[in-house]
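Worksheet: one structure, shown below.
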Amino acid sequence: MQNRKAIIKQFGSANEISIEQKNHLPKLKPNEVLIKIEASTVSATDIFIRKGIYPLLKEKPPLTLGYDFVGRFEAIGSDAKKWKIGDRVADVCMIGGNADYIIRNEN
């Protein structure tokens with residue numbers, strides 16, 4: 001599976017954003033789910049994160065932008081029991097939403 005992501009390698013201007021493409025996804029841990037992202041936002045919060053001035057952000061670059069998304073479960077880890085493949089989900093993830101796929105903890 002291809003996974004394109006809007007990443008920044010350092011905080012700064014919009015010129016810091018690049019598209020990274022990987023042709024594989026990491027293996028799911030037992031309590032994780034793989035979500036195919038259908039839509040994500042680009043909001044003022046994303047700008048604050050890109051500039052490094054969002055007070056709740058603990059992570060440092062490199063990171064994938066994208067504060068929230070809507071998608072569907074594509075794969076489910078062996079211990080994940082709450083969801084089934086094809087279920088639709090919306091999430092506020094703070095980072096990671098501007099991608100083709102995201103892996104999240106089931107909870």
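The values are calculated or read from the model by the stated rules, or taken from the named source; none is laboratory data. Since we're looking at a predicted model, the values are computed, not measured. Cβ placement follows ideal geometry from the backbone for every residue including glycine, while neighbour counts extend to all protein chains displayed. Keep in mind that these areas ignore ligands, DNA and RNA; they rest on the heavy atoms of the full protein, side chains included. Shrake-Rupley method; radii C 1.70, N 1.55, O 1.52, S 1.80 Å.
Laid out as a table, the results:
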{"item": "Within-13-Å neighbourhood charge of Ile95 [Cβ basis; K, R +1; D, E -1]", "result": "+1"}
{"item": "Percent accessible area from carbon and sulfur atoms, the chain, protein chains only, probe 1.4 Å", "result": "53"}
{"item": "Theoretical FRET efficiency, 1/(1+(r/R0)^6), r = Cβ-Cβ of Glu20 and Lys82, R0 30 Å, to 0.05", "result": "0.50"}
{"item": "Cut-off 14 Å, label 7 Å out along Cα→Cβ of Arg72, residues of the range 4-38 by amide N", "result": "35-38"}
{"item": "Residues with amide H under 5 Å from that of Gly66, placed H, sequence gap 5 or more", "result": "Gly96, Gly97, Asn98"}
{"item": "Size of electric dipole in the chain: Cβ of Lys, Arg +1 and of Asp, Glu -1, about Cα centre, debye, nearest 20", "result": "180"}
{"item": "Note, ³J(HN,Hα) from phi for the range 52-62, Karplus 6.51, -1.76, 1.60, rounded to Hz, x at Gly and Pro", "result": "x, 10, 7, x, 8, 6, 9, 6, 10, x, x"}
{"item": "Distance histogram for the chain (every C-alpha pair counted, 10 angstrom bins, percent rounded to whole numbers)", "result": "15, 45, 31, 8, 0"}
